[in-house]
Amino acid sequence: MNELFEIKNLNMYYPVTDGLIGNITGYVYALNNVNLDIYKNEILGLVGESGSGKSTLGSCILKLITPTSGEIFYESENILKKNKKQLKEFRHDAQLIFQNPYMSLNPRMKIREILKEPFIIHGIKDNVDEKIKRIINLTGMQDEVLDRYPHEFSGGQRQRIAIARAIILNPKFIVADEPVSALDVSIQAQIVNLLINLKKHLNLTMLFISHDLSIIKYISDRVAVMYLGEIVETALKDEFFNNHKHPYSQALLDAVPVISQKEKSKKIILNGDLPSPNNLPKGCKFHTRCPYVNEKCKVSMPNLKEISPAHFVRCFLYE
Ligand code: ATP
Ligand code: SF4
Ligand code: MG
């Protein structure tokens, strides 16, 4: 396959400071040695509990934050080594769609100005008005929305506008961070379908972050599962949903409601909360909640191992 991104040994530790003097008293280990490829033209679904590091990974990939260590190659060039000018070119190609369309649009700007801004930032002057009309139509809206303000729209329409802004410069890559979780369930499918259509139409590659496995199943070509800042399983979508291996993936899927008593009895119930990322468990990070834990899991860390083509699992049961 053809990689757009290659993420190597990525770590992100947020310093924790004491309130008064600002001394560093510890770290939140949000990403721990993440190795992950993102292939051209795929939608990679990234799933995991709240606090597992999904948004941190998305922000690092877009270099909105600078990771503590590691490498992120975009089209074979390390984005962490890019100078200001190169970074600006990268930002033209790689965009973010936020969770909350209420916060991401400036309430004082008309939609036309919001969509013009990226052209101004990147010094593009050709056919701006035509491009804006084309994109607003592509996102399922009429030209007249351009002369209105964000507060005049519903959540779903605002998210369409936020998506229009993200794709207005014809990017190659989008991080969509929980783009539908703030919307009514009835609107979610429309926005997910819009993203799928845009991906096909514009040849986009997408990192789609969600904690909702039914949406991940619908939209993704491939799935990656995060637990406490580590990737614990990746597989093509059908392989993942039919043949997932990691006990944590099993537990996430088991959290989706089922009807029959027979299926309920096989379920892994996730006991307790996610351990604190300030004080990570030793050994396998899932060992404090795993029903299959043994002594080795408490002291040694399993590696991410390819157990069948393109299916990687981090668990001693498969080493
Ligand atoms: P959610 O599903 O709730 O959005 P997430 O998987 O996106 O969660 P992150 O937001 O990446 O998780 O957070 C990972 C960990 O890093 C969490 O423990 C979080 O509290 C911590 N964290 C995130 N941003 C910061 C920050 N700016 N400073 C300190 N800690 C942070
Ligand atoms: Fe469970 Fe051990 Fe596998 Fe970790 S390595 S997921 S604790 S069986
Ligand atoms: Mg998040």
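The values are calculated or read from the model by the stated rules, or taken from the named source; none is laboratory data. This structure is a prediction, so every number in the text was calculated from the model and none was measured. Every residue, glycine as well, gets a Cβ built from its backbone with ideal geometry; the counts of neighbours run over all protein chains shown. Just so you know, the surface numbers come from the protein's heavy atoms only, side chains and all, with ligands and any DNA or RNA stripped out. Shrake-Rupley method; radii C 1.70, N 1.55, O 1.52, S 1.80 Å.
Taken over the stretch 152-302, the percentage of Cα pairs per 10 Å bin, counting from 0 up to the bin with the maximum distance, is 9, 32, 31, 20, 8, 0. Given the pairs Lys133/Lys200; Lys63/Lys245; Lys54/Lys116; Lys54/Lys81, which span a C-alpha to C-alpha distance of over 27 angstrom in this model? Exceeds cut-off: Lys63/Lys245; Lys54/Lys116. Surface composition of the chain: carbon and sulfur make up 50 percent of the accessible area, probe 1.4 Å. Subtracting the Cα-Cα distance of Phe241 and Leu87 from 0.36 nm times their residue separation leaves 51.7 nm of extension gain. Here the dipole of the chain is about 160 debye; that uses its Cα centre as origin and unit charges on the Cβ of Lys and Arg (positive) and Asp and Glu (negative).
Which angle between 0 and 90 degrees, to the nearest 10, do you get for helix 185-202 versus the longest principal axis of the chain when only C-alpha atoms count? Around 70 degrees separate the two axes.
Note on Glu295/Glu77: beta-carbon distance plugged into 1/(1 + (r/R0)^6) with R0 of 35 Å gives a FRET efficiency of 0.20. Rounded to 0.05, the FRET efficiency of the Ile269 and Ser308 pair, given R0 = 35 Å and the Cβ-Cβ distance, is 0.80. Axis angle, to the nearest 10 degrees, between helix 84-93 and the longest C-alpha principal axis of the chain: 90 degrees. Potential lengthening of the chain between Ser214 and Asp147 amounts to 20.5 nm, from the contour at 0.36 nm per residue minus the alpha-carbon distance. Accessible surface calculations at 1.4 Å, restricted to protein heavy atoms, place the stretch 102-201 at 50 Å² per residue. Helical content alone sets the calculated 222 nm signal of the chain at -9500 deg cm²/dmol, taking -39,500 (n - 2.57) per DSSP H segment of four or more residues and averaging over every residue. For the stretch 83-97 versus the stretch 3-17, the inter-centroid distance based on Cα atoms is 18 Å.
Between the Cα long axis of helix 111-121 and the first principal axis of the chain there is an angle of about 80°, rounded to the nearest 10.
Solvent-accessible area of Arg165, all protein chains in place: 50 Å² (probe radius 1.4 Å, heavy atoms, ligands and nucleic acids excluded). For the stretch 40-140, the C-alpha radius of gyration divided by 2.2 N^0.38 Å, with N the number of residues, is 1.27.
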